[in-house]
Every structure is written in structure tokens, then in C-alpha cells.
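First up is the structure itself, then whatever we jot down about it.
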Amino acid sequence: MNTEDRDFGDQPLDTVLDGWTLTNHQVVEISPEQLTHKQVQRARTGRKLTLKMKQKLARSVNFAIWGRLTNEEREAYVEYFPKHLFSYNKGYNAQAGDLNEDRLVDLSKREVRRDFLRELGIES
């Protein structure tokens, strides 16, 4: 397998994180699983990932967003799955766009909610 078979260019994941104004670090720090900055960067730039890694990233992205939303924003939020974040994933639809396009808010300055941290067992 050559490099071209593993590189798919910028992924919808990159657009999603930019839309919510989240950094790789914010995704890594909230992840309940072992996730590195390098893995997030590779995912954003289109390096082919295993299904397990795509699922891990989707969970971590959802946590990074969910943990910063207000109760009202949470009611409207639609969870992301690998088919929404990776163009080479089965079920990907390029015409679909971002599920939460009309719900995007700038999360860059928001801290993760304390109740969510407690729920994850990160803070007591």
C-alpha cells in the first residue's frame, strides 16, 4: 500500500472542529481514552485510520463539544459519528454538510462544565 492509498486530504472532522472553534488539545484533554495530539492531527489531514480510531475520535469530539454546551444547546445538538467526520468512511455523504451547522457556537473560550467532568469521573 503506497502513501497515496492512505492520504485522503482534509477531512470533514477538520471543518467540524473549526466550526466549533475547538483545538486538537481541547479534544485530547477531554478524551476518556488514550488519544494523542498527533492522532487528532493525522485524522484532520486525512491519514487513513482504523475503524476503532475513527470511533475513538468521534466520541472524543462529541465529548469536547457536549461538555461545553449549555442545557438549551444540548437539546438541539446532534451527535457526530465516523460517517460524518471522515470522507472515506462507509455511509459518508458529501452533500449532507455539518449536522449541527445551524447550532455552531464559538466554544474556544468555554471551559468544560464541572457537572460533565464529574460525570466522566475526572473531577469530584
Query raised in the report: So which of His37, His84 is farther than 17 Å from Arg6 by Cα, touching a residue at least 60 places away in the same chain (Cβ under 8 Å) and out of contact with any Lys or Arg (no Cβ under 9 Å at 6 or more places or on another chain)?
Result: His84
Query - Residue among Gly19, Gly46 that alone is surrounded by 13 or more Cβ atoms within 10 Å (Cβ to Cβ) and modelled with pLDDT of 95 or more - result: Gly19
Requested in this report: Take Lys56 and decide whether it is basic (Lys, Arg) and without any contact (Cβ under 8 Å) to a residue 24 or more places away in the chain.
Outcome: no
**Report entry** Residues of region 89-121 that turn out to be surrounded by 15 or more Cβ atoms within 10 Å (Cβ to Cβ) and closer than 21 Å to Gly9 by Cβ, as a count
**Finding:** 3
Query raised in the report: In region 49-62, which residues are surrounded by fewer than 20 Cβ atoms within 10 Å (Cβ to Cβ) and under 20 Å from Arg118 (Cα atoms)?
Result: Arg59, Asn62
**Report entry** Neighbours by Cβ (under 9 Å, 6+ apart or cross-chain): first from region 15-31, over 10 Å from Ala64 (Cα atoms) and touching a residue at least 24 places away in the same chain (Cβ under 8 Å); second of a type in the set (Phe, Trp, Tyr) and surrounded by 15 or more Cβ atoms within 10 Å (Cβ to Cβ)
**Finding:** Val16/Tyr80
Report task. Give the residues of region 101-112 that are in contact (Cβ under 8 Å) with a residue 24 or more places away in the chain and within 18 Å of Glu79 (Cα to Cα), sorted by residue number. Result -> Glu101, Arg103, Leu104, Val105, Asp106, Leu107, Val112
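For (1) within 22 Å of Glu29 (Cα to Cα); (2) in contact with a helix residue (DSSP H, G or I) (Cβ under 9 Å, 6 or more places away or on another chain); (3) of a type in the set (S, T, N, Q), each residue gets a yes or a no:
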| site | (1), (2), (3) |
| --- | --- |
| Leu51 | yes, yes, no |
| Val78 | yes, yes, no |
| Arg103 | no, yes, no |
| Arg114 | yes, no, no |
**Report entry** Test for Arg68: is it among the basic types (Lys, Arg), buried (at least 20 other Cβ atoms within 10 Å of the Cβ) and at pLDDT 95 or above
**Finding:** yes
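The values are calculated or read from the model by the stated rules, or taken from the named source; none is laboratory data. Bear in mind the structure is a predicted one, so any value in this text is a computation, not a measurement. Cβ atoms come from the backbone with ideal geometry, glycine included; neighbour counts cover every protein chain shown.
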